[in-house]
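First comes the structure, then the notes that go with it.
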Amino acid sequence: ALTGADKVVAMVDLSFEAGIPEAQYLDTNGHGTHMTGIIAGRDPGADPATAHERPDEFVGVAPDAGIVSVKVGDNTGAVDVSQVIAAIDWVVQHRNEGDLNLRVINLSYGTDSTQDYRIDPLARAVENAWDHGIVVVAASGNDGWNNSTGGLTSPAFDPYVIAVGASEADNWGMTIPKWASAGDYFSIDENGHRVNYWQDGFTGRLPDVVAPGAHIDSLRVPGSRVDVEHPEGYVTVELFRGSGTSQSAAVDSGAVALLL
């Protein structure tokens, strides 16, 4: 679903595995491929107009979008923030190289920065991307309110990015917030009424949007760290099921690509 000359159009490896030939450019963790599938995966010959009628065909949100793979994490998922900053800078520098035309950065990633976004290095990097005409979509994080900053994790706490929280459908088919979305910022009082924290002195930044993030099927990397350690996520030989604001950010990145 990520094959073809017009799909993964470029690759760069800035991870700790860049010097290991067997792992270079490859998603040994499995997280990145899952996000990429959500954004722009497409089974050969699949028709997006009828894919919902064909459960055997996989189609991402923006199936005609090209992907540039910028690898920063190793098989454990470990990555230093300096590598993420370097990756963002690489995208900015190469955004118009050849036929790339890079317009969207998906960051299914976040840190518990204790700095104000105006002096945070990662936030500065995403603002630089925005300054150069690139939309940055960032996951809000799965742990709710970041007590360090009084809002979201970095770089989602920066107002120049699109901060995405997660939602899921309840038993009645209604969409409800989940994880670091508006749902983390209210409680229910003894009368069953919602009490909003941000109406009681809350000054932090909330997610801009929520997108589906619960039980999302996307591309599986057989033998990857996620695949081996979470067998409960197995769906088919091709697909794996995952949840979180990472998945929500990928859904939104695909939507942004469609709009652009």
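Coordinate-derived values only; no laboratory data. Everything quoted here is computed from the prediction, not taken from an experiment. Quick reminder, even Gly has a Cβ in these numbers, built from the backbone with ideal geometry, and neighbours come from all protein chains shown.
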task = Would you grab the residues whose amide H sits under 5 Å from the one on Ser167? Only those 5+ places off in sequence or on another chain, please, with H modelled 1.01 Å from N.
result = Lys178, Ala211, Gly213, Ala214
request  = Please get the size of the charge dipole for region 39-143, origin at its Cα centre, with Cβ charges of +1 on Lys and Arg and -1 on Asp and Glu, quoted in debye to the nearest 20.
outcome  = 200 debye
Proximal charge balance of Val81 [Cβ under 12 Å; K/R count +1, D/E count -1] = -2
inquiry  = Please list, in order, the residues from region 35-55 whose amide nitrogen is less than 12 Å from a point placed 7 Å along the Cα→Cβ vector of Asn101.
reply    = none
query = Which whole-angstrom value gives the distance between the alpha carbon centres of region 7-42 and region 85-136?
reply = 18 Å
key: Charged-residue dipole, Cβ positions (Lys, Arg, Asp, Glu), region 1-99 about Cα centre, Debye nearest 20   = 140 debye
ask   = Between Trp90 and Asp143, what length comes free when the chain is fully extended (0.36 nm per residue of separation minus the Cα-Cα distance, one decimal in nm)?
value = 16.2 nm
